[in-house]
Amino acid sequence: HASFFHGGPNGSMGFKAIVNLLGIENYFGKTEYNNDADFDGTWGIWDEPFFKFFANKLSSFREPFFSAIFSVSSHHPFKIPEKYTGKFKKGPLPVLECIGYTDYALRQFFEKTKKTSWFKNTLFVITADHATVCYHPEYLNPWGEVAIPILFYAPGDSSIAGVKQAVVSQIDIMPSILSYLHYSKPYFAFGESVFDKNRKNFSVTFTGNYRWIENDYLLLFDGKKSSGLYQYKTDRLFNNNLVSKNPGQVASMEKTLKAYIQQYNNRLIQNRLTPFSDLNYKKSQTKNP
């Protein structure tokens, strides 16, 4: 079983289309929830009731199952249900009260699911699709703009514990899950497993410029030349641009980033982003050299 949950109106944000393309047959949205009394008026069903709906549905699925949920409440205009007014700390930014509410919804989800038979056999992955507004000065920089949490929680496996000091991004989630499940068949991924002791520790994002993070350095690259190199762990305010002071590091990171961009572009053009399409492409090249 594979399913995707999103409390927004069905079809919004393109989720229903992408899950169909990915072969995920079961989609649960605002329509399937079927109670507009819990609609927040903007994004979709409030997180707390939709997480309860999610938990109930999970227990009805035949094991093993894969399921994902996209929460909606911690978004602008940063509202919470009226009944919880005053319950969560507001802090200096409106989003913080909403995060408190979503955290509460998640806590209720785990309180409910920990009583199920499948709970201890499950690997939970919790992350964000992007960073949000912030007020700490050490986050008001190219690193903080993409900094998000990624949590792997396996209640039945005590070996997954603590905080791992590594560069990890969303593209590492799939290979991490497959590695944890000891999946042995071919697959294609740009990321790497967080459980691999020999992982390269890198992350890449593009928002007008490429941000390539590798170990202790962050490189800013516009597609032709680098404009910034920072030791983001120690230079948290990004005061010391090393792009002209450490040309060797710049050249090394540029080379890896360019190879990454080239691989992505070529595979996209040649339809080689899955192991099956890659195999078919190689066969076609053999037949038509």
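Readers should treat all values here as calculations from the given coordinates under stated rules, not as data from a laboratory. It should be emphasised that the depicted structure is a prediction, and the values quoted were computed from it without experimental measurement. When we count neighbours, we look across all protein chains shown, and the Cβ atoms used for this are built from the backbone with ideal geometry, even at glycine.
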Item checked: Cα-centred dipole magnitude for the chain, charges only on beta-carbon of K, R (+1) and D, E (-1), debye, nearest 20 -> 720
Item checked: Too-long pairs where the Cα-Cα distance tops 19 Å, listed order kept, from LYS87/LYS115; LYS200/LYS233; LYS16/LYS114; LYS225/LYS258; LYS200/LYS258 -> LYS87/LYS115; LYS16/LYS114
Margin query: Using the Cα centre of the stretch 1-122 as origin and beta-carbon charges of +1 (Lys, Arg) and -1 (Asp, Glu), tell me which of PHE15, HIS76, SER60 is placed farthest towards the positive end of the dipole.
Written below: SER60
Checklist line | Share of pairwise Cα separations in the chain, more than 25 Å, in percent | finding: 59
Next item on the list: Considering Cα pairs under 8 angstrom that are at least six residues apart, work out the relative contact order of the chain and quote it in whole percent.
Entry: 10
Next item on the list: Calculate, in nm to one decimal, what THR234 and SER117 gain on full extension: separation in residues at 0.36 nm each, minus their alpha carbon distance.
Entry: 37.6 nm
Check: How big is the antiparallel share of DSSP beta bridges in the chain, given as a percent to the nearest 5?
Finding: 70
Check: If you count, for each residue, the other Cβ atoms within 10 Å and average over each peptide, how do 136-145, 117-126 line up from highest to lowest?
Finding: 136-145, 117-126
Note to self: Can you give the local net charge around SER12? Use residues other than it whose beta-carbon is closer than 15 angstrom to its beta-carbon, Lys and Arg +1, Asp and Glu -1.
What the structure shows: -2
Item checked: Cut-off under 5 Å, modelled amide H: who pairs with ILE69 long-range -> PHE5
Next item on the list: Identify all lysines with a Cα-Cα distance to LYS89 below 22 Å; exclude those on the same chain that are fewer than 8 residues away in sequence.
Entry: LYS79
Item checked: Residues ASP40, ASP172 arranged by fewest to most Cβ contacts within 10 Å -> ASP40, ASP172
Next item on the list: Provide Rg over Rh for the stretch 204-262; use the alpha carbon set for both Rg and the Kirkwood Rh (inverse mean inverse pair distance).
Entry: 0.93
Margin query: Just to confirm a number: summing +1 for Lys and Arg and -1 for Asp and Glu over residues other than ILE148 whose beta-carbon lies under 14 angstrom from that of ILE148, what do you get?
Written below: -2
Next item on the list: May I ask you to list the residues of the stretch 217-238 whose amide nitrogen lies under 15 Å from a point 7 Å from Cα along the Cα→beta-carbon direction of LEU268?
Entry: 223
Next item on the list: Provide CYS98, CYS134 in ascending order of the number of other Cβ atoms located within 10 Å of each residue's Cβ, fewest first.
Entry: CYS134, CYS98
Next item on the list: For TYR232, enumerate residues with amide H under 5 Å from its amide H, sequence gap 5+ or separate chain, H modeled in the peptide plane.
Entry: LEU218
Checklist line | Amide H within-cut-off set for ASN26, under 5 Å, with H built and near neighbours excluded | finding: ALA2, PHE4
Checklist line | Likely footprinting exposure, THR116, THR85, fewest C-beta neighbours within 10 Å first | finding: THR85, THR116
Notebook entry, point to check: Per-residue HN-Hα couplings for the stretch 214-229, Karplus 6.51 cos²θ - 1.76 cosθ + 1.60 at θ = phi - 60°, whole Hz, x for Gly and Pro?
Noted result: 9, 6, 9, 10, 10, 10, 9, 9, 8, x, 10, 8, 8, 10, x, 9
Notebook entry, point to check: Given C-alpha coordinates of the stretch 1-122, what is the ratio Rg to Rh with the Kirkwood estimate of Rh?
Noted result: 0.98
